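The values are calculated or read from the model by the stated rules, or taken from the named source; none is laboratory data. Fair warning: this is a prediction, and the values are worked out from it, not measured in the lab. When we count neighbours, we look across all protein chains shown, and the Cβ atoms used for this are built from the backbone with ideal geometry, even at glycine. Only protein heavy atoms, including side chains, enter the accessible area calculation; ligands, DNA and RNA are left aside. Shrake-Rupley method; radii C 1.70, N 1.55, O 1.52, S 1.80 Å.
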Amino acid sequence: MRKLFIAGNWKMNLLRSSSQELLAKLKGSLAAIDQVDIAVCPPAVYLSDIAQVLAGSNIGLGAQNVYSQPEGAFTGEVSCAMLLDVGCRYVILGHSERRAIFGETDALVNEKLKAVLAAGLTPIVCVGETLQEREAARTLEVVGSQCRGSLAGLSLDHMEQTVLAYEPVWAIGTGKTATPAQAEEVHAEIRNLLATMFSPAVAQKVIIQYGGSVKPDGVADILSQPNIDGGLVGGASLKADQFISIIEQAAKIKK
Ligand code: 13P
């Protein structure tokens, strides 16, 4: 049985005061929820402060990026040890914005992933096709190749600890969500691929989130799909009422 996991990716949004207001509302409303794993991923500069606000709550803390090397002359970068040091548990890797804007490749994501797993953090590895790729009927090929490249060389244990997020690029920040059937098709295919690359038992255990314009409207249908195990939420995770509603709906889903 996989536990649903809802994470909020704040991206480069909110300042100290607005994030504190949001967190106060989330903590107040979500305290009784234990059927769903919950996390927020704020910008790196606020992680340390937010870790203190979330201490003892049921809301986990994640970063949006990390570098693979342990320390040294890497201006602007942050290490896994630093994330652990400030109380992070999760880290998003290979988000499509990092791939498209900052040129991250599957090979770099793979390097970061290995460092994250060795450090004992839980990675959330993102994959997803562009609109052009979907329209050319290349979705499964593209997502398959991102999974093969990003997950290459992982041990069975490490694969089991890795969270994946299928985020079709055309659905991110556009208000266009994949239909439950479109998302389920890709999630099922990713799970099949994991069974081949690793083992059927490992494939059954891996959490695969859906991301891309997840909103309270329609989220229950998406999360009810057999191979969809949660959501990676962007815009709606910045609005307390919307993020709370998504998590409350997730908590009611029985699979
Ligand atoms: P939106 O929910 O704003 O479409 O963002 C999705 C996303 O990129 C989460 O990582």
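On inspection, residue 192 does not qualify as more than 16 Å from the ligand (Cβ to nearest atom), outside any helix (DSSP H, G or I) and modelled with pLDDT of 95 or more.
Of all the listed residues (137, 201), the sole one being part of a loop (DSSP other than H, G, I, E, B) and over 18 Å from the mean Cα position of the chain (by Cα) is 137. Screening region 204-242 for residues that are in a helix (DSSP H, G or I) and of a type in the set (Asp, Glu) and picking the one that is surrounded by the fewest Cβ atoms within 10 Å (Cβ to Cβ) gives 241.
For region 124-164, residues that are loosely packed, with under 15 Cβ neighbours inside 10 Å and within 16 Å of the ligand (Cβ to nearest atom) total 1. Would a scan of region 17-36 turn up a residue that is within 17 Å of the chain's Cα centre (by Cα) and hydrophobic (A, V, I, L, M, F, W, C)? Among the residues of region 17-36, at least one is within 17 Å of the chain's Cα centre (by Cα) and hydrophobic (A, V, I, L, M, F, W, C), which makes the answer yes. Against the criterion of being open to solvent by less than 50 Å² (accessible area, probe 1.4 Å), within 23 Å of residue 227 (Cα to Cα) and not hydrophobic (A, V, I, L, M, F, W, C), residue 46 does not qualify. Out of 214, 206, one residue alone is closer than 20 Å to residue 140 by Cβ and within 15 Å of the chain's Cα centre (by Cα). It is 206.
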